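Participant: Got a structure for you, questions after.
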Amino acid sequence: MTKKENFLKGFIKENPIFVYLLGMCPALAVTATFETSLGMGLLVIFVLTSSNIVVSLFKNFIPQQVRTPSYIVIIATFVTVVRMMTDAYAPLLAEALGVFIPLIVVNCLILGRAESFASKNKVVDSAIDGFGMALGFTFGLISIGVIRELLATGGIMYGDYLPFFVDQPFELFTFDWIINLFVQDFSIRDYGLAMFALPPGAFIALAFILAYMQSRKNKKLRLEEEAKKQRIEELKKAALERKRQAAMKKAGEAS
Amino acid sequence: MSFAVFATAIISSMLINNVILMQFLGICPFLGVSKKSSSAVGMALAVMFVMVIASAVTYTLYDLVLHPYNIPYISTIAFILVIASLVQLVEIVIKKYSKSLYKGLGIYLPLITTNCAILGISEANITNIWSTTTPFGTGLFIAVSTAFGTALGFGLVIFAFSSIRERLDAANVPAAWKGVPISLVVAGIMSLAFFGLAGII
Amino acid sequence: MLDKMKIAIVLVVIGAISGLTIYSVNLLTEDTIAQNMIEKEQGYYKELFFLDEDAEVRFETNDFEDQEISQEIVLYDADDQIIGYIYKGSDKNNYGDVIVLLGITSDGKISNVVISSTTNTPTFVKVIKNVYLSPFRTQDVDDLSIDGSTGATYTYTSVVEIVENASKYFLENRGELHD
């Protein structure tokens, strides 16, 4: 596996949320808006990359029998660091994510990467793997978050929770201007499906995404199957043709 | 410390603020071990066992050690270690003293360390219940009742869900929705139903 | 035996490193976190009386043990004139705690109501903050009219209770200012 493949595998092919169903708790709980999903993703990127690096650095020192507890301590250290940093520099994000910041410790994705990749590979590879996987996780969170926020409010806000680069919250995207071309004094906000900002909407939005992924997979499988069938058919035809020709030849020889 | 406090804590954490459907804790076992109702019941019992003990221990630890020595910021690392070793201890004790119980719960116990409901409830107990003015006994009592109610809620939902899933296997579901997607829709509808309970106390 | 010693030493080293890391990060962030808390609190005080963010204020705090209201804060402006009284109350509903701040001007009118901290469902709280808190503004404390139909949510019920308690306290103790 090249470094690039190692980095890119987390996005679609081995996406932690959509393919492995890892880290479902944050994927449902903090994705009510785009911004909280992004914030959670950033925290996971930091924790996963650094824990992978440290686990990989110390892989020869840690005795086999106490592997898991040591990994848990390493991960929990980074999570505590991240928790204090968010409290200090993005207090509103810390409030919005709440209990899900300490819960990064028990996110199966992080311990899973430490066990299955970082404990067996070199530091650079582990760092790339952690970063790529965490980016894939963030990508998953953000796609759920964008869908939910668009359905719930009709726009996407930035600046409420992550106070970086902006002074005031502003709208990254909204359907309003398109609609205002046709209708005056109309705000899509009044017609949002509030359910998608609430817990039931989280389940249903994720269900739709997973169903889409599954239908894509099914389609691919079906196409492959059809291609296979076609190949077999062709082979059969060719074999039949050969047989026919052989028979013709025989008949020719006989006559 | 009265029955009313106990009942309120149980009903609110079991039905109104359900751990799976409202707080999204413990989704992994919810989707993973709910294919058969017998395994769902086993998991629920194991969770109840560990959750009640873990809540009591972590609350005590926070109140008597972490807060007095002014190190509340290491709560995450302390709690996860306590929970992990507690699970091991429970496993050893059960194995030694009750073979039948071990047969029922044994295979679920190792899975519980990474069940975020346990750590989540321990942390939530500290943020919601613990305060400098609450006496230790009262706080501990509410924390344990909340944990018990939460575990009951977990058991209720995971059992109902596994029963639905057993029926769902026989249903004619479109190929794209087979498996996890349709289960998530079911969970969404259950969540809507539980949403209607908000406001009964 | 030697193996066990080795395991123990490794575990102690890992623990020590992680402890040191956490301790140093705590030293680094402790002040900022404390500062954030104070700023947040003061931000609420200013929001209660619609002051500018950089307005200079001074305040005195009275803590109560035996009242339904937990704190009274008297807010002065730069010239030591009383801007108003702030009452802080908390209520436990079964979604957790709600802490509400209520600002009453010296002539007995509610200036604003702010939910300062809550563990309740964020989306509900947003709706309540945006829609249901504004009717409290400019109401007279001895003549509260509360929209009962919106009381369906827990958070709102808690808010109403705290507002009523604070108004009662204000009338009893600062009532002479009112007329």
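The values are calculated or read from the model by the stated rules, or taken from the named source; none is laboratory data. Predicted, not measured: the structure shown is a model, and the values here were computed from it. Here Cβ is always computed from backbone atoms with ideal geometry, including for glycine, and neighbour counts include all displayed protein chains. Only protein heavy atoms, including side chains, enter the accessible area calculation; ligands, DNA and RNA are left aside. Shrake-Rupley method; radii C 1.70, N 1.55, O 1.52, S 1.80 Å.
Participant: Let me make sure I get this right: for region B:1-117, a, b and c are the square roots of the gyration tensor eigenvalues over alpha carbons, sorted descending. Under 1.5 in a/c it's rounded, otherwise prolate if a/b > b/c, else oblate. Which is it?
Facilitator: oblate
Participant: To the nearest whole number, what is the average tally of beta carbon atoms from other chains within 10 Å of the beta carbons of peptide B:171-181?
Facilitator: Rounded to a whole number, the mean comes out at 5.
Participant: What nm distance separates the two modelled labels at A:Glu234 and C:Glu164, each placed 7 Å from Cα along Cα→Cβ?
Facilitator: 8.1 nm
Participant: Determine the dipole magnitude for the protein assembly as shown: charges of +1 sit on the beta-carbon of Lys and Arg, -1 on that of Asp and Glu, nothing else is charged, the reference point is the Cα centre, and the result goes in debye to the nearest 20.
Facilitator: Dipole magnitude for the protein assembly as shown comes out near 6380 debye.
Participant: Please name which of B:Leu21, A:Gly155, C:Ala166 has its Cα lying farthest along the dipole of the protein assembly as shown towards the positive end, using unit charges on Cβ (Lys, Arg +1; Asp, Glu -1) and the Cα centre as origin.
Facilitator: B:Leu21
Participant: Shifting gears a bit: What's the FRET efficiency of B:Ala171 with B:Lys103 using the Cβ-Cβ distance as r and R₀ = 45 Å, to the nearest 0.05?
Facilitator: Result of the calculation: an efficiency of 0.90.
Participant: Given the Cα-Cα distance of C:Asp52 and C:Asn26 and 0.36 nm per residue of separation, how much length would full extension add, in nm?
Facilitator: Here the segment from C:Asp52 to C:Asn26 would lengthen by 6.1 nm.
Participant: Just subtract the alpha-carbon distance of A:Ile156 and A:Glu171 from 0.36 nm times their residue separation and send over the number in nm, one decimal.
Facilitator: Full extension from A:Ile156 to A:Glu171 adds 4.8 nm.
Participant: Please report, ordered by residue number, every helix of chain A (full DSSP H runs) that is 30 Å or longer along its axis going by C-alpha atoms and whose mean Kyte-Doolittle hydropathy reaches -0.5.
Facilitator: A:34-57, A:67-89, A:123-153
Participant: Here are some pairs, A:Lys122/C:Lys6; A:Lys120/C:Lys6; A:Lys4/A:Lys217; A:Lys13/B:Lys36; A:Lys4/A:Lys59; which of them have Cα atoms lying more than 32 Å apart in this structure?
Facilitator: Where the Cα-Cα span goes over 32 Å, no listed pair is concerned, since all stay within it.
Participant: Which value, in square angstrom to the nearest 100, describes the accessible area buried between chains A and C on both sides, using a 1.4 angstrom probe?
Facilitator: 1700 Å²
Participant: Given H placed 1.01 Å from N in the peptide plane, which residues other than close sequence neighbours of A:Leu172 have an amide H under 5 Å from its amide H?
Facilitator: Amide H neighbours of A:Leu172: A:Ile156, A:Met157, A:Tyr158.
Participant: Classify chain A from the C-alpha gyration tensor, please: rounded if a/c falls under 1.5, else prolate or oblate depending on whether a/b exceeds b/c.
Facilitator: Judged from the Cα gyration tensor, chain A comes out oblate (a/c at least 1.5, b/c at or above a/b).
Participant: Cross-link candidates for B:Lys35: which lysines have Cα within less than 22 Å, leaving aside residues fewer than 8 places away along the same chain?
Facilitator: B:Lys103, B:Lys178
Participant: Hey, another quick one. Work out which helices of chain B, taken as complete DSSP H runs, extend at least 27 Å along their axis over the Cα atoms and score a mean Kyte-Doolittle of -1.0 or more, then list them.
Facilitator: Result, helices passing both filters: B:37-61, B:75-97, B:136-170.
Participant: Which value, in square angstrom to the nearest 100, describes the accessible area buried between chains A and B on both sides, using a 1.4 angstrom probe?
Facilitator: 3000 Å²
Participant: Of A:Ser116, B:Ser183, B:Ser98, which has the most accessible area with a 1.4 Å probe, and how do the rest follow in descending order?
Facilitator: I get A:Ser116, B:Ser98, B:Ser183, largest accessible area first.
Participant: Oh, and also: Based on the Cβ-Cβ distance of A:Leu8 and C:Asp63, what FRET efficiency does E = 1/(1 + (r/R0)^6) give at R0 = 60 Å, to the nearest 0.05?
Facilitator: 0.55
Participant: Rounded if a/c is under 1.5, else prolate if a/b beats b/c, else oblate: with a ≥ b ≥ c from the C-alpha gyration tensor eigenvalues square-rooted, which is the protein assembly as shown?
Facilitator: Because a/c hits 1.5 or more and a/b exceeds b/c, the protein assembly as shown counts as prolate.
Participant: Applying 1/(1 + (r/R0)^6) with R0 = 22 Å to the Cβ-Cβ distance of A:Lys122 and C:Ile17, what FRET efficiency is obtained, to the nearest 0.05?
Facilitator: That pair, A:Lys122 with C:Ile17, gives E of 0.55.
Participant: Only helical DSSP H runs with n ≥ 4 go in: add -39500 (n - 2.57) per run for chain B, normalise by residue count and round the 222 nm mean residue ellipticity to 500 deg cm²/dmol.
Facilitator: Rounded to the nearest 500, the figure is -22500 deg cm²/dmol.
Participant: Which of the residues in region B:60-79 lose at least 50 Å² of accessible area when you go from the chain alone to all protein chains together (probe 1.4 Å)?
Facilitator: B:Tyr73, B:Thr76, B:Ile77
Participant: I've got another one for you. Using a probe of 1.4 angstrom, how much of the accessible area of region A:198-254 is carbon and sulfur, in percent?
Facilitator: 58 percent
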